[in-house]
Every structure is written in structure tokens, then in C-alpha cells.
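Here's the structure we're looking at; comments come further down.
The values are calculated or read from the model by the stated rules, or taken from the named source; none is laboratory data. Note that the structure is predicted; figures quoted are calculated from it, not measured. Heads up, the Cβs are rebuilt from the backbone with ideal geometry, glycines too, and the neighbour counts pull from every protein chain shown. Calculation scope for accessible area: heavy atoms of the full protein, side chains included, ligands and nucleic acids excluded. Shrake-Rupley method; radii C 1.70, N 1.55, O 1.52, S 1.80 Å.
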Amino acid sequence: MPGLSLVTVGASLAPADPAQLLPAREQMAFTLGFHIILVPFGVAFTFLMLIANARGIRRNDETALLLARRWSQVAAVLFAVGAVSGTVLSFELGLLWPRLMGTYGAAFGIPFAIEGLFFFLEAIFVAIYVFGWQRMRPWPHFWTGVPVVLSGIGGTLSVVAANAWMNQPGGFTMRDGKIVEVRPLEVIFNGAFGFEAIHMLLAAYMVAGFVVAGVYAAGMLRGRRDRYHRLGLAIPLTVAALVTPLQIFVGDIAAREVYRNEPAKFAAIEAVPTTGTHVPEVLGGYYANGKVHGGIKIPSGASLLSGYSPSTRIQGLDAIPAEVRPPDRLVTIVHLSFDVMVGIGTALLGLSAWYALAWWRRRDLPRSRWFLRATTISGVLAVVALEAGWVVTEVGRQPWTVTGHLLTRDAVTTSGNLWLFFAATVALYVAVGATTVYVLRLLRRRWRDQGGATETDVPYGPARGPEATPAAGQA
């Protein structure tokens, strides 16, 4: 999106940039950064919920059913919050970036139209699933949750398709500055869609898995070592541990695809000042005045990773025309964000291996407090890696909104005081975020008061009498 083009760096605008450019970028960065955290819970958290639900039905496991039911309540809350933040984003695209929507909306809008259909489908089945507890038979109720997961995946893929199209646009024909023909399938399945879609889905499962596991690991550190907490940790951590090595593999493929098809972005990722071979891999450091300062250099590392040979030629930033070359500060942001993403991914791979080894040896969770501490922190780290990955793909495209077609400074609105709009948006999101935390804390307090007892009230529905209490396996 045009937005995450900008992380606040306090830099002055170029003389040709409209005054509205900086606040518009900052607002999109803020709102997208907020909304992206909710995406894994719509895509992957509901999948964890269904795993617990299926386990509970198949094994008559009341603890697993209790987890599934409570997770469904959290999923409903987060879905509502995501609906609010997503609606704001849809308005922002038209209000802040009129040239993008006005000129390219016929193509760019196709994935968003599809996403809207998935959103409504997900909303319908979230309601059915949440209110279906104790009102439906076990397996029919379980199957009402499957469309929730599938529509969440479909909606996410639709948004990724729009983002990928901005990175590698295609599927349209322009004449006299207007789109005169659109080929929808080429718009959706553009050159960047495949690797971006898989990378984002795996990231969602990693984030949801490590965040949820971290919550229960924190509880176990406080002495809650009952089966409820152990199962609440084991289910999401198992999913995250299985996904993490796949994500490392897909991430390597994605980086190589960026090298082939988005050379300017790759040059920023690797902070490559000049075109050449035997390009070193630089860990850390910063880019200024056409040079990389500091950091650890691995000889020929970037060339080896890009083409499996030290003689692989990599285009440098010097090959980009000066008028569309990203400023040094943005190159540094992209480069360090990529390092953060890869570094955290590697650390999470180590945690996954620790868990897998312990499970293979004892068929049980590691009992070390260090393992629980690492798992607790892993959720936060996974979110940071998610944000860093979005910074790479968005800031790395700058100064383009639609690569090769529309500059970000040309896409922004040129009217109004956007700082006031930005302030109002921040106030709204702070209120929404605070309310979300408050509601989740209320749920947690209610669950603690109930302990491990099976709930007899329908979540968010009227209380039911004792005669309506379900038999084991039907909750």
C-alpha cells in the first residue's frame, strides 16, 4: 500500500513533494501497522480453535472443548476490531490516494472487491459458530467453523494480491493515461502473488501460534501447570513449530524472486551501492552517502544467496535513476527491517527445534523455565518480524506506489490538512485498541473465576438453564 512507505524518520520532504505527502504516508503506516497484527488471528487463530474443537469431539476431551470455546470468543472480539480498522483503511485509500484509485482503481480494486465477499462470508460463519455452542450437535457445529478459516484465508490472499500487484503490476492496458482494458486473472495472479501469498499465510500461522503459545507459557511461569495451560501451549506451538521451517524455505525463495523481478528493492534489502559481482552479505550497519557503514560483511554472501555463485551480478542502487532512487534513510530502514525479520525467524526456528527435540524424546513439553521464558517472548518477536516484513515490501517499493507507473508523491491528495485527519485516526485507533484490551481482560477475569469448569452460558447470548447443559462432547 502507499502507506507503509513510511516509517517516521523526521526527515524533511523534497521540494517537489506536496505538503500532504508526509502525513498521508504516516497515517497509512500507522493504520496498516495496527491492522496487520489482527490478520493472523482471522486467518490462523481460528484454525487453532478448530484443532482444539476437533480434538475435543474425537477424544471426548472437555479441556480441549473449553479451549476451543474460549478461543472462539477471542476470535469474535478480534474479528470485530479488524472490521473497524479495515473499514478505516478502505476509506483512506480513496481519501488519501485519489490518483491511485482514480486511475488504477479498475485493476487495483478487483482484489478488494473479492476481499469484501470473503469478509461478509466470514462474518456470517463467525456468528453461526460462536452462537452455535450448545445449540448444535458437535460435528455440524465444528463444520460451521471451517468456512471461517477458509474465508479468512481467501480475504487475506485477496489483499496480498492487491499489494503484489503494486509491486509487479500487470493485467491492464493503458491509453492516454487511462486504463482501457483489464484482465482480472492477470491482475490477481500477478508476478509477485505466488511467493507473497504463501509467505504471508505462513507468517500468519507463525504469529498466531507463537502469540497464543506465549500467553499460556506466561501462565505456566506463574505456576499454572495444569492440563488446560499445557494443552493451550502445545496446540499453537506445534502448529508454529511445523510452519517455521517452511517459512524459512519460502522466504529464501521469495528473496530470490525479488532479486530477479524487483532489482531496486533487492538492492535496498542488501544495501548494494554499486552494480557488481561478489557482493557481500551485510548484517546490520546503515547506508549513507552511497556506502554501507558498520555491520558485519560476509564475503560474496549476497551473490551466493541470489544465484548460488559468487560471480552472480547484483544491480546496485547506482543503476536507479536519481529522480526515482530511494533516499539513504529508506534504504537503511529496508535493510535493517530485513535483518530483523530474518534474525527473528532464525531464533524462532531454534525455539521450534528445541520444542521438537523435547517432544521427540519425552512426548511432553520441555519443563525448563528458560523454555517457557523463550516461548513467552516468541509471540512478541513474531509480531515484530511480521511488521518488519511489511516494512520491507512497502518501503522497498518506494518512491513508487505502482511500480514503474505511479510515484507516491503523484498519488497523494493535494487538499486539506491531513495532520488533523491523522490525529483523529490515531485517537480512534487508540480508543479501539484500549477497548479491545479491556474486553479481553474482562474475558480473562471471567475465565479465571470459572477455573476449569465447563461454561453453561452461550457466549454473548442469553443464559440457559441447567436443563440445557450439554452432555460431554457436545459443548
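Things to note:
Residue-wise test of (1) of a type in the set (D, E, K, R); (2) modelled with pLDDT of 90 or more.
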| position | (1), (2) |
| --- | --- |
| Glu394 | yes, yes |
| Thr403 | no, yes |
| Val412 | no, yes |
| Gly433 | no, yes |
| Ala453 | no, no |
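- Looking only at segment 369-384, and only at residues there that are within 19 Å of the chain's Cα centre (by Cα) and open to solvent by less than 20 Å² (accessible area, probe 1.4 Å), the one that is farthest from Gly343 (Cα to Cα): Gly379
- Candidate set from segment 185-227 (those that are closer than 17 Å to Gly155 by Cβ and open to solvent by 40 Å² or more (accessible area, probe 1.4 Å)); member that is nearest to the chain's Cα centre (by Cα): His199
- Given (1) in a helix (DSSP H, G or I); (2) surrounded by fewer than 16 Cβ atoms within 10 Å (Cβ to Cβ), index of the condition Asp364 fails: (1)
- Residue count, segment 404-451 (criterion: in contact (Cβ under 8 Å) with a residue 12 or more places away in the chain, open to solvent by 30 Å² or more (accessible area, probe 1.4 Å) and over 23 Å from Ala75 (Cβ atoms)): 11
- Unmet criterion (only one of (1) among the β-branched types (Val, Ile, Thr); (2) at pLDDT below 90; (3) open to solvent by less than 20 Å² (accessible area, probe 1.4 Å)) for Val331: (2)
- Of the candidates Pro326, Pro321, the single residue that is open to solvent by less than 80 Å² (accessible area, probe 1.4 Å) and either farther than 28 Å from Ala203 by Cβ or aromatic (Phe, Trp, Tyr) (or both) is Pro321.
- Selected residue (only one of Tyr104, Tyr129 is among the aromatic types (Phe, Trp, Tyr), more than 18 Å from Val149 (Cβ to Cβ) and buried (at least 17 other Cβ atoms within 10 Å of the Cβ)): Tyr104
- Pick from segment 393-441, criterion part of a loop (DSSP other than H, G, I, E, B) and of a type in the set (S, T, N, Q), ranking: farthest from Thr31 (Cα to Cα): Thr403
- Residue in segment 292-307 that is farther than 27 Å from Val402 by Cα, modelled with pLDDT of 90 or more and part of a loop (DSSP other than H, G, I, E, B) present: yes
- Residues satisfying the stated conditions in segment 56-94, i.e. without any contact (Cβ under 8 Å) to a residue 24 or more places away in the chain and open to solvent by 20 Å² or more (accessible area, probe 1.4 Å): Arg58, Arg59, Ala80, Thr87, Ser90, Phe91, Gly94
- Selection status of Ala80, of a type outside the set (Ser, Thr, Tyr), in a helix (DSSP H, G or I) and closer than 26 Å to Phe421 by Cα: yes
- Restricting Ala347, Ala353 to residues that are more than 22 Å from Arg256 (Cβ to Cβ), at pLDDT 90 or above, over 22 Å from the mean Cα position of the chain (by Cα) and assigned to a helix (DSSP H, G or I) narrows the list to Ala353.
- Residue match in segment 246-255 (condition: under 20 Å from the mean Cα position of the chain (by Cα), open to solvent by 20 Å² or more (accessible area, probe 1.4 Å) and within 25 Å of Val324 (Cα to Cα)): yes
- Residue list for segment 95-114, restricted to those being in contact with a strand residue (DSSP E or B) (Cβ under 9 Å, 6 or more places away or on another chain) and either in a helix (DSSP H, G or I) or free of Cβ contacts under 8 Å to residues at least 24 places away in the same chain (or both): Arg99, Leu100, Thr103, Tyr104, Gly105, Ala106, Ala107, Phe108, Ile110
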